[in-house]
1. Do we find that PRO57 is out of contact with any His (no Cβ under 7 Å at 6 or more places or on another chain), at pLDDT below 85 and loosely packed, with under 14 Cβ neighbours inside 10 Å in this structure?
2. Please state which of the following conditions SER232 fails to meet, knowing it meets all the rest: (1) surrounded by 22 or more Cβ atoms within 10 Å (Cβ to Cβ); (2) under 17 Å from the mean Cα position of the chain (by Cα).
3. With the condition kept exactly as written, say whether any residue in the range 291-306 is over 22 Å from the mean Cα position of the chain (by Cα), closer than 30 Å to LYS120 by Cβ, open to solvent by less than 20 Å² (accessible area, probe 1.4 Å) and modelled with pLDDT of 80 or more.
4. On the basis of being more than 30 Å from VAL318 (Cβ to Cβ) and either at pLDDT 85 or above or open to solvent by 80 Å² or more (accessible area, probe 1.4 Å) (or both), does TYR63 make the cut?
5. Hey, can you tell me all the residues within the range 241-264 that are among the aliphatic types (A, V, I, L, M), surrounded by 18 or more Cβ atoms within 10 Å (Cβ to Cβ) and either within 18 Å of VAL115 (Cβ to Cβ) or modelled with pLDDT under 85 (or both)?
6. Are any residues in the range 79-101 open to solvent by less than 40 Å² (accessible area, probe 1.4 Å) and either among the charged types (D, E, K, R) or within 20 Å of TYR150 (Cα to Cα) (or both), and if so, which ones?
7. Within the set of pairs 6+ apart or on separate chains, which have a first residue in the range 120-136 that is among the hydroxyl-bearing types (Ser, Thr, Tyr), a second that is outside any helix (DSSP H, G or I) and surrounded by 17 or more Cβ atoms within 10 Å (Cβ to Cβ), and C-beta atoms under 8 Å apart?
Amino acid sequence: MGFCLGVANIIPGVSGGTFLLVFGIYERVFSILNQINKSFVLKCLELVSACFRCPVPGIKHIYAFSRESGFLFLFKLAAGAVVAILALSSLMKYLLLHHFCLTYSFFFGLILVSVIIPVKMLKRFDTWAMLCLVAGIGITVWVSAMVNPYDKIKMKSDHLARTSLIQSASVEGRDDSVPGSGKIVLTVQRYSSGDYLYIALCGALAISATVLPGVSGSLVLILMGTYFEVISAISELKCLHLETFIFLGIFGLGVIFGGLLFARLVSFVFFRHYNATMAFLCGLMTGSLYALWPFKKTVFMAQQYVKQAGEVVCLENVTVQTNINILPTKDDPVIAAFVFFVLGGIIMMLFVRKEAAVSAVDK
């Protein structure tokens, strides 16, 4: 179950909350998380302190407590999800770099069909629900239009080129098959303090969205322009760079605090204003189709500075995707994009039918 949950979290459109419903553990997970309060934290600190004084009995007490409270189950679920995310991050990075149009076509099909989930969960469609729907669409399209991947890439590249101190410059032998094979070694930081704060916020919002059926945390990261950056950092963990660990650590802290604070708030709103919340979710997911349109305007950067394997590399004539949607041209793989769009829709339809079958059994 944990591995499937990880797959759901790394693929936009496949909601972790939906998987929890399909597996029949949605309420169980929430009941476990709702145990976290001041007395629970004090109990954990007491057990940890006892573990330092008497390691063997202390570990046994921690195991018994985690099993009784359900956190052992939650830990296994989270461990399986982490394994799936680590295993698939490199593949997802490769697909976005080399098959952007086809990958986004697949995502587009997933999201388009997954809108069915919150629509089916609506109890009524009144004026208030319509306003919430329109608000969700408007917010999503506004965020998608404001967060331009090209602007972020250009800003970071300019920062590296402008403020970095060049220790040494060595142009290595070029390979014509690899654009920008010349390397310039720079003493720079890959992430700024603003990047760290922003990624913590993204982590908090992503986990908050994940707890709701039909909404994907990965989709939130796409809308906020950090999805590729996060999966790139995950795929680079094997390089053992300190900055990557710090970046993902801060993202993880955002996930933890978001899960403890925002998720509880979202749950409160969800149960108190159920119909309005579901209408708003419909709007968010419908509006996200604007961001996931697979045909984007591309721009060329004569030089782009990026950090790879501990060094900053100067890439030449780089093609960068913007957030500006365009109609497909004769050079675009329209037929292949349509095939992947249909494939994504079919896969999501299978999940929707499975979720509907589980809900029918519960009733």
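1. Working: out of contact with any His (no Cβ under 7 Å at 6 or more places or on another chain): yes; at pLDDT below 85: yes; loosely packed, with under 14 Cβ neighbours inside 10 Å: yes.
So PRO57 fits the description; yes.
2. Checking SER232 against (1) surrounded by 22 or more Cβ atoms within 10 Å (Cβ to Cβ); (2) under 17 Å from the mean Cα position of the chain (by Cα), the one that fails is (1).
3. Filtering the range 291-306 down to residues over 22 Å from the mean Cα position of the chain (by Cα) leaves 297-305.
Add one more test, that the residue is closer than 30 Å to LYS120 by Cβ, and what stays is none.
Checking the range 291-306: not a single residue is over 22 Å from the mean Cα position of the chain (by Cα), closer than 30 Å to LYS120 by Cβ, open to solvent by less than 20 Å² (accessible area, probe 1.4 Å) and modelled with pLDDT of 80 or more.
4. Numbers: more than 30 Å from VAL318 (Cβ to Cβ): yes; either at pLDDT 85 or above or open to solvent by 80 Å² or more (accessible area, probe 1.4 Å) (or both): yes.
Yes, satisfied.
5. Selection gives ALA263 alone.
6. Within the range 79-101, MET92, LEU96, PHE100, CYS101 meet the criteria.
7. Between residues of the range 120-136 that are among the hydroxyl-bearing types (Ser, Thr, Tyr) and residues that are outside any helix (DSSP H, G or I) and surrounded by 17 or more Cβ atoms within 10 Å (Cβ to Cβ), there is no close pair.
For every residue, the table says whether it meets (1) under 28 Å from VAL334 (Cα atoms); (2) open to solvent by less than 20 Å² (accessible area, probe 1.4 Å).
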{"site": "THR103", "(1), (2)": "yes, yes"}
{"site": "GLY109", "(1), (2)": "yes, yes"}
{"site": "SER114", "(1), (2)": "yes, yes"}
{"site": "ARG124", "(1), (2)": "no, no"}
{"site": "TRP128", "(1), (2)": "no, no"}
{"site": "LEU133", "(1), (2)": "no, no"}
{"site": "GLY136", "(1), (2)": "no, yes"}
{"site": "ILE139", "(1), (2)": "no, no"}
{"site": "SER144", "(1), (2)": "yes, yes"}
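The values are calculated or read from the model by the stated rules, or taken from the named source; none is laboratory data. Values in this document were obtained by computation on a predicted structure and should not be read as measured data. Every residue, glycine among them, receives a Cβ derived from its backbone with ideal geometry; neighbour counts consider all protein chains shown. The area values use the complete protein model at the heavy-atom level, side chains included, leaving out ligands, DNA and RNA. Shrake-Rupley method; radii C 1.70, N 1.55, O 1.52, S 1.80 Å.
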